[in-house]
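The values are calculated or read from the model by the stated rules, or taken from the named source; none is laboratory data. Values in this document were obtained by computation on a predicted structure and should not be read as measured data. No Cβ is skipped: glycine too gets one built from the backbone with ideal geometry, and neighbour counts run over all protein chains shown. Heavy atoms of the whole protein, side chains included, go into the accessibility calculation; ligands, DNA and RNA do not. Shrake-Rupley method; radii C 1.70, N 1.55, O 1.52, S 1.80 Å.
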Amino acid sequence: MKEHIKHVLKLAFSIHGDTASYDEIHERIVSGGEVRGTNLCIMIFAIFIASIGLNMNSTAVIIGAMLISPLMGTIMAIGYGIATGDIDETEDSILGLLFQVITCLITSAIYFTITPITTASPELLARTTPTIWDVLIAVFGGFAGIIGFTRKEKSNVIPGVAIATALMPPLCTAGYGIAIKSFKYFAGALYLFIINTYFICLATIIGLLIMKVPQKTERDEERKKKFRAVLIRNTAIIIIPSLIFAMKMVEKEKEDTTEPIGISGISLDVRKLSEQLSVIYPEVSDISAGYLKEWDSSEEKQHENMNVIVYLSKDISADKKEKIKEFIDVETKFDKIQFIVRGE
């Protein structure tokens, strides 16, 4: 019975049983990582689709762009080159990825420069502050991707990984940062892309090593130690900022988002809305929202209105106030939006 259980568990967790041949794996990954006319055209179309989706705050459109983007193939090709010790393949794939990244940044920056809608949508803002959870998504997505990619029969794993790890939207958001000359947007979005790229690549390397793919260049023990040391060092460097962002998010979550006197709670993520607006308008220090009971003397009865109070560190122009109102209306419709200057 004990041996039978071991056998069942071994089969359940084995990734070797339905693995494709090494030649087929090589062909799939190398061909998927090639930057040529077809892939480049598809990528440019995906950039425009993703940029429009981010601009219009359309999740469905963004998902469509992620599904047709060829970036995943290039990243997995880098991982394959490193795992097999194929220096030429690694260098070619890295250069190809850099070319794709530059093309994406330029194309998205051009789009966001000419589009008449310049206000940052929630979909754009969501990709400017990556955390440790984004690291975990990239790691698990990378492992799922390389396992699915190396099976005898192709599955629907890769499209799911493409959606979960989101490679195209952060690059387009970085292009938006370039267009509006915001280093904060550019750096935050590019960092998210680096997280996704690095950890998908790392998971690909580990997965292929577990599958014992043939090595083009054998590594001796000394080189293996150096290789592991470099991976550990780079992983720590990339993770640290995401941990800091995550700690800040948790601390913010613990803060009591108190509402104005006489207002009862409503269904709205006030903290998230406050963070998004403060990025665009640094004068916004906090937001409170809820139902406010007011007496209507003309009708001689009490009304319950939905209200938002935007607290400012200093007064802002009427034009900015109108834009803030438009931004809030996208989230939830309110009867009244007030602005109160209370300083820092």
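Given the residues Gly81, Gly85, which is the only one that is under 17 Å from Tyr198 (Cα atoms) and in contact with an Asp or Glu (Cβ under 9 Å, 6 or more places away or on another chain)?
Among Gly81, Gly85, only Gly81 is under 17 Å from Tyr198 (Cα atoms) and in contact with an Asp or Glu (Cβ under 9 Å, 6 or more places away or on another chain).
Would you list the helices (runs of 4 or more DSSP H) that sit entirely within the range 36-102 and hold 2 or more residues that are among the polar types (S, T, N, Q) and touching a residue at least 40 places away in the same chain (Cβ under 8 Å)?
In the range 36-102, the matching helices (runs of 4 or more DSSP H) lie at 37-55, 71-84.
Would you confirm whether or not the range 31-45 contains a residue that is within 13 Å of Leu171 (Cα to Cα) and of a type outside the set (Val, Ile, Thr)?
yes
Looking only at the range 50-65, count how many residues are among the β-branched types (Val, Ile, Thr) and over 16 Å from the mean Cα position of the chain (by Cα).
Residues flagged as among the β-branched types (Val, Ile, Thr) and over 16 Å from the mean Cα position of the chain (by Cα) within the range 50-65 amount to 1.
Looking at the range 63-92 only, could you name the residues that are in contact with a Pro (Cβ under 8 Å, 6 or more places away or on another chain) and either modelled with pLDDT of 90 or more or open to solvent by 60 Å² or more (accessible area, probe 1.4 Å) (or both)?
Result: Leu67, single match.
Has the range 287-310 got any residue that is of a type in the set (D, E, K, R) and either modelled with pLDDT of 75 or more or under 25 Å from the mean Cα position of the chain (by Cα) (or both)?
There is no residue in the range 287-310 that is of a type in the set (D, E, K, R) and either modelled with pLDDT of 75 or more or under 25 Å from the mean Cα position of the chain (by Cα) (or both).
Out of the residues in the range 224-277 meeting the condition of being of a type in the set (Lys, Arg) and loosely packed, with under 14 Cβ neighbours inside 10 Å, tell me which one is modelled with the highest pLDDT.
Out of the qualifying residues, it is Arg233.
Lys314: at pLDDT 65 or above and farther than 23 Å from Ala126 by Cα, yes or no?
yes
From (1) within 21 Å of Gly32 (Cα to Cα); (2) open to solvent by 20 Å² or more (accessible area, probe 1.4 Å); (3) in contact (Cβ under 8 Å) with a residue 40 or more places away in the chain; (4) part of a helix (DSSP H, G or I), pick out the condition that doesn't hold for Ala162.
All conditions pass for Ala162, except number (2).
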